[in-house]
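A short worksheet on the structure shown next.
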Protein chains: 2
Amino acid sequence: MKIAIPKETIAGERRVAMGPDVVKRLVEAGNKVVVEKDAGKLSFIPDEKYKDAGAEIASSATDLYRDATIIAKVRPPQENEVKALPEKSVLVCLLDVLRTPELAKNLAEQKITSFALEMVPRISRAQSMDVLSSQASAAGYKAVLLAAASLHKFFPMLTTAAGTIAPAKVFILGAGVAGLQAIATAKRLGANVEAFDIREAAKGEVESLGARFVEIKLEEETATEGGYAKQVSQDTTALIQKTLLKHVSEANIVITTAQVPGKKAPVLVTKPMVEAMRPGSVIVDMAVEQGGNVEGSEIDKEVEINGVRIIGPVNLPSTMAIDTTMMFGRNVHSLLKLLIKEGELNLNFEDQIINESCVTHDGEIISERIKEMLT
Amino acid sequence: MKIAIPKETIAGERRVAMGPDVVKRLVEAGNKVVVEKDAGKLSFIPDEKYKDAGAEIASSATDLYRDATIIAKVRPPQENEVKALPEKSVLVCLLDVLRTPELAKNLAEQKITSFALEMVPRISRAQSMDVLSSQASAAGYKAVLLAAASLHKFFPMLTTAAGTIAPAKVFILGAGVAGLQAIATAKRLGANVEAFDIREAAKGEVESLGARFVEIKLEEETATEGGYAKQVSQDTTALIQKTLLKHVSEANIVITTAQVPGKKAPVLVTKPMVEAMRPGSVIVDMAVEQGGNVEGSEIDKEVEINGVRIIGPVNLPSTMAIDTTMMFGRNVHSLLKLLIKEGELNLNFEDQIINESCVTHDGEIISERIKEMLT
C-alpha cells in the first residue's frame with residue numbers, strides 16, 4: 001500500500017506530516033512511503049534522511065500521488081491540490097472543515113475518503129492521535145519565549161550586587177493545553193504566574209503547576225461535554241473582563257489562549273485593560289487568527305498601545321517545526337494504525353474515532369456535524 | 001550639588017544612567033537632580049516618574065548642564081557632547097576608553113574629571129558598582145531567550161502522548177558573568193547544558209549550576225590576576241577549537257561569550273565547526289561587536305550557513321532596559337556615594353576604586369593604563 005507525503009503549500013507552513021522515524025516504521029510494516037522532494041526541508045529534514053528511512057523521493061506531484069492509497073498532510077489541501085488527489089484515496093490532515101465546510105463538498109466530489117485530525121474525539125484511546133494537543137503544547141511554549149525575548153525585564157527573581165530584582169508577573173488567560181504549557185514554561189523561567197479559565201475544572205491543573213488560579217463565580221455552564229470551553233453570554237463576558245482588569249494591569253506579560261472550537265474567539269482583554277498596563281508590558285494574543293482575545297491585536301503584527309506591545313503570532317507550531325513535525329507524525333501514525341489492518345485499508349465506521357473524524361467517503365459527506373453546518 | 005542625567009544619544013541605546021529609585025535617594029541626601037526630557041522614555045520611565053522622585057526635568061542640554069557638578073551617563077559622550085559638558089564637572093559613565101583612548105584627550109582638554117565605570121577594579125568593596133557584571137548578566141539571560149525563541153525545538157524534555165521529546169543541547173562558550181547567567185537560564189528552561197572556559201577556575205561555578213564543564217588541559221596561563229580571561233597563543237586556540245568541535249556539532253544551541261578586555265575576541269567556532277552542526281541549530285555570538293567568537297557572524301544580523309543560523313546581537317543590555325537601567329543606576333549610585341562627602345565632591349585619589357577608574361582630572365590624563373596606550 002502506498003502512502004504519500006506531499007510538501008505543504010500554505011505560505012509559512014514549515015511542518016510536514018511525518019518525520020523519518022514514522023516513515024521507517026511504516027516501511028517496516030510493509031508499506032511503500034513516497035515523500036515529495038524537499039517536503040521536510042523547512043522542518044530541517046533533508047530528503048536523504050527520508051531515503052535512509054526507506055522512503056522514495058518523488059520529484060513531481062504526479063509521481064507522488066500515482067496509485068497512492070493514503071495521503072498524509074498537515075494543512076488542508078487547496079483547491080488545485082484536491083483535484084490532484086487520486087479518486088478513492090484516503091486523506092488524513094488538519095482539514096479545518098469546521099471553519100471552511102465547503103472543502104468537504106470538493107472532497108466528496110473527488111471521491112476522497114477524508115479524515116479531519118481536529119475532529120478525532122477526545123477519548124483516552126485517541127490521545128496518541130491528538131494533533132490539537134501536541135501542536136498547542138508547542139505553541140504555548142513558544143508564546144512564552146516570544147514574550148520573554150521581547151520583555152525588557154528578567155523573568156526570575158535575582159539577587160545581585162546591585163540589589164534584588166523582582167520576578168516578572170505573567171498572566172495566562174485560558175488554561176487548555178496551550179495555556180498549561182505556557183504556565184509551565186513561565187514557571188520554569190522563574191516568573192510569578194497567574195492563570196484564568198472559564199472552566200472551573202482547570203483550577204486543579206493550574207495549581208498543580210505552581211500558578212495561582214484567578215477564580216470568578218459564573219452563573220452559566222462554561223464547558224462542553226468534551227471538556228472544551230463553551231461560548232458564553234455577553235453578560236458573563238463583561239463580568240469576566242471586569243474581574244480580569246486588576247490582574248491584567250499588574251502583569252508584565254499577558255498571554256491569551258482562549259478559543260472556542262468553530263467560533264470566533266472571545267474578547268477577554270479590552271482596550272481600556274491594555275491601557276491600564278504599564279509601558280513596556282507585552283501581550284501575546286494566541287487567538288489572533290480566530291478573531292483575537294485582545295482588542296487591537298493584529299495578525300502577524302506587533303502593535304503598540306501606550307507603550308504596551310501586543311504580538312499577534314501566526315501559526316506558532318510552525319516555528320517549532322523540528323519537534324512539531326515529529327509529534328504530528330507520531331499522531332498521524334497512531335491514526336494510520338487504526339485505518340490499516342494487515343497491509344490493507346480497513347475502515348470500521350463503527351469505531352468512534354473513525355466515525356467522528358471521517359468527513360467524506362464514497363462521494364458523500366458523512367460527518368453529521370459538517371452536514372448540519374452546510375444546511 | 002547638581003547631578004545631571006542626559007538622554008543617551010547613541011542609536012539603539014535604550015538605557016538611562018539611573019531610574020527614579022536612585023534619583024529619590026540622591027534628592028533625599030540633599031542633592032539636586034536634573035533629568036533631560038524623555039531620558040527614560042526608552043526604558044519605559046516617563047518624565048512624571050522622575051518628577052515624583054524629586055527630579056527637575058530639563059528640556060534642553062543647556063538647562064541640563066548649567067552648573068552641574070556631576071553628569072551620569074550610560075555610554076561615552078560623542079564629540080559634540082564633550083564640548084557641552086561644563087568645565088571641571090565630573091563625568092561618570094562607560095567611557096570605553098580601552099577601545100577608544102583618544103576620547104581621554106578630549107575630556108582632558110575640556111577639563112572634565114572622568115570616571116570609566118568599566119575600569120572600576122574587581123574588588124569586593126566595588127561589587128555594588130560593577131556595571132560590567134550587572135549588564136553582562138542581563139545580556140547572558142537575553143541571549144538564551146533569543147536562541148530559544150528562534151529554535152524549532154523545545155528546551156525541556158517532554159513526555160507526551162506523542163512520545164518523549166529529548167531536551168535541547170545547549171553549549172555555552174565562556175563562563176564569565178554572561179556565560180554563567182546563560183547557563184542558569186538554559187538550565188531553568190530544562191536544557192541539557194555544557195560549558196567551556198579557558199579559566200579552570202570556572203569549572204566549579206559551571207558545575208554548581210548543574211551544567212557539565214568541558215575540560216581542556218592547557219599549557220599556558222589563561223587568566224589575569226583580576227580573574228579575566230587572557231589572550232592565548234595560536235597553538236592553544238587551535239587545540240581548543242579541535243576539542244570543542246565534537247561538543248559544538250552535537251549542540252542545538254551554541255552561545256559564545258568569550259571576550260578579552262581591550263582585545264579582539266578569540267575565534268572559538270570556525271566555519272567547519274558551524275558546518276558540522278545539524279540544520280536548524282542556532283548560534284548566538286555575544287562577542288560579535290568585539291570581532292566575534294564565531295566565523296561568519298555579522299553585527300546585528302542573522303546569517304545562515306548550511307541551515308545553521310548565527311545571530312550577532314548588538315547591545316543586548318539595551319533590550320533589557322527596564323532591569324538594566326535599574327541595576328545601572330544602583331551601580332552608579334554606589335560609586336557616587338564614594339565621590340560625595342556631606343553634600344560636597346570629595347575625590348580621594350588614594351582610594352583604589354577612585355584611583356583606577358578615574359581617567360582624566362584637572363586637564364590631565366591621570367590613568368596610567370590609558371597613558372600607556374596613548375604613547
- Determine if the stretch B:206-228 includes at least one residue that is in a helix (DSSP H, G or I), among the small types (Gly, Ala, Ser) and within 10 Å of B:Phe171 (Cα to Cα). no
- Query: Do we have any residue at all in the stretch B:89-96 that's open to solvent by less than 30 Å² (accessible area, probe 1.4 Å), farther than 30 Å from A:Lys142 by Cα and modelled with pLDDT under 95?
  - Reply: no
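Name the residues in the stretch B:149-168 that are of a type in the set (A, V, I, L, M, F, W, C) and buried (at least 17 other Cβ atoms within 10 Å of the Cβ), would you? Step through it out loud before you land on a result.
Taking the stretch B:149-168 as the starting set, the residues that turn out to be of a type in the set (A, V, I, L, M, F, W, C) are B:149, B:151, B:154-155, B:157-158, B:161-162, B:165-166, B:168.
Of everything in the stretch B:149-168, those that are of a type in the set (A, V, I, L, M, F, W, C) and buried (at least 17 other Cβ atoms within 10 Å of the Cβ) turn out to be B:Ala149, B:Leu151, B:Phe154, B:Phe155, B:Leu158, B:Ala161, B:Ala162, B:Ile165, B:Ala168.
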- Query: Quick one: is B:Ile305 aliphatic (A, V, I, L, M), out of contact with any Pro (no Cβ under 8 Å at 6 or more places or on another chain), over 28 Å from A:Lys49 (Cβ atoms) and surrounded by fewer than 18 Cβ atoms within 10 Å (Cβ to Cβ)?
  - Reply: no
- Query: So which of A:Glu342, A:Glu350 ends up being on the phi < 0 side of the Ramachandran plot, charged (D, E, K, R) and open to solvent by 50 Å² or more (accessible area, probe 1.4 Å)?
  - Reply: A:Glu350
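Only one residue in B:Ala195, B:Ala186 is open to solvent by less than 20 Å² (accessible area, probe 1.4 Å) and not in a helix (DSSP H, G or I). Which one? Step through it out loud before you land on a result.
Details: B:Ala186 fails: not in a helix (DSSP H, G or I).
Result: B:Ala195 is the single residue among B:Ala195, B:Ala186 that is open to solvent by less than 20 Å² (accessible area, probe 1.4 Å) and not in a helix (DSSP H, G or I).
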- the stretch B:241-259, residues that are buried (at least 24 other Cβ atoms within 10 Å of the Cβ) and not in a loop (DSSP other than H, G, I, E, B): B:Val248, B:Ile253, B:Val254, B:Ile255, B:Thr256
- Message: Just to be sure I understand, how many residues within the stretch A:217-240 are open to solvent by less than 50 Å² (accessible area, probe 1.4 Å), over 30 Å from A:Phe154 (Cα atoms) and not polar (S, T, N, Q)?
- Response: 6
- Query: In the stretch A:1-81, which helices (runs of 4 or more DSSP H) lie fully inside it and hold 3 or more residues that are surrounded by 20 or more Cβ atoms within 10 Å (Cβ to Cβ)?
  - Reply: A:20-28
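Hey, which of the strands (runs of 3 or more DSSP E) in the stretch B:84-182, taking only ones fully inside, have at least 1 residues that are within 14 Å of another protein chain (Cβ to nearest Cβ)?
Numbers: elements: B:90-93, B:113-116, B:158-160, B:163-165, B:169-173.
Counting at least 1 such residues, we get B:158-160, B:163-165, B:169-173.
Take B:Gly262 and decide whether it is part of a loop (DSSP other than H, G, I, E, B), more than 14 Å from chain A (Cβ to nearest Cβ), surrounded by 23 or more Cβ atoms within 10 Å (Cβ to Cβ) and at positive phi. Explain how you work it out, then say what you get.
On the way: part of a loop (DSSP other than H, G, I, E, B): yes; more than 14 Å from chain A (Cβ to nearest Cβ): yes; surrounded by 23 or more Cβ atoms within 10 Å (Cβ to Cβ): no; at positive phi: yes.
For B:Gly262, the condition - part of a loop (DSSP other than H, G, I, E, B), more than 14 Å from chain A (Cβ to nearest Cβ), surrounded by 23 or more Cβ atoms within 10 Å (Cβ to Cβ) and at positive phi - is not met.
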- Query: Is there any pair linking a residue in the stretch B:69-87 that is over 16 Å from B:Cys358 (Cα atoms) and of a type in the set (S, T, N, Q) to one that is open to solvent by less than 30 Å² (accessible area, probe 1.4 Å) and in a loop (DSSP other than H, G, I, E, B), with Cβ under 7 Å and at least six apart or on different chains, and which?
  - Reply: none
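Only helices (runs of 4 or more DSSP H) wholly contained in the stretch A:287-375 count here; list those with 3 or more residues that are under 23 Å from the mean Cα position of the chain (by Cα) and within 11 Å of chain B (Cβ to nearest Cβ).
A:321-339
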- Answer yes or no as to whether B:Lys246 is outside the structural domain of B:Lys24 (by TED's automatic domain parsing), at pLDDT 90 or above and over 19 Å from the mean Cα position of the chain (by Cα). yes
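Going through the stretch A:265-286 one residue at a time, which ones are of a type in the set (A, V, I, L, M, F, W, C) and assigned to a strand (DSSP E or B)? Can you show your working first?
Our first condition is that a residue be of a type in the set (A, V, I, L, M, F, W, C); within the stretch A:265-286, this holds for A:265, A:267-269, A:273-274, A:276-277, A:282-284, A:286.
Scanning the stretch A:265-286 gives A:Val269, A:Val282, A:Ile283, A:Val284.
The values are calculated or read from the model by the stated rules, or taken from the named source; none is laboratory data. Quick caveat: nothing in here was measured; it's all calculated off a predicted structure. Backbone-built Cβ (ideal geometry, glycine too); neighbour counts: all protein chains shown. To get the accessible areas, we keep the full protein, side chains included, count just its heavy atoms, and leave off ligands, DNA and RNA. Shrake-Rupley method; radii C 1.70, N 1.55, O 1.52, S 1.80 Å.
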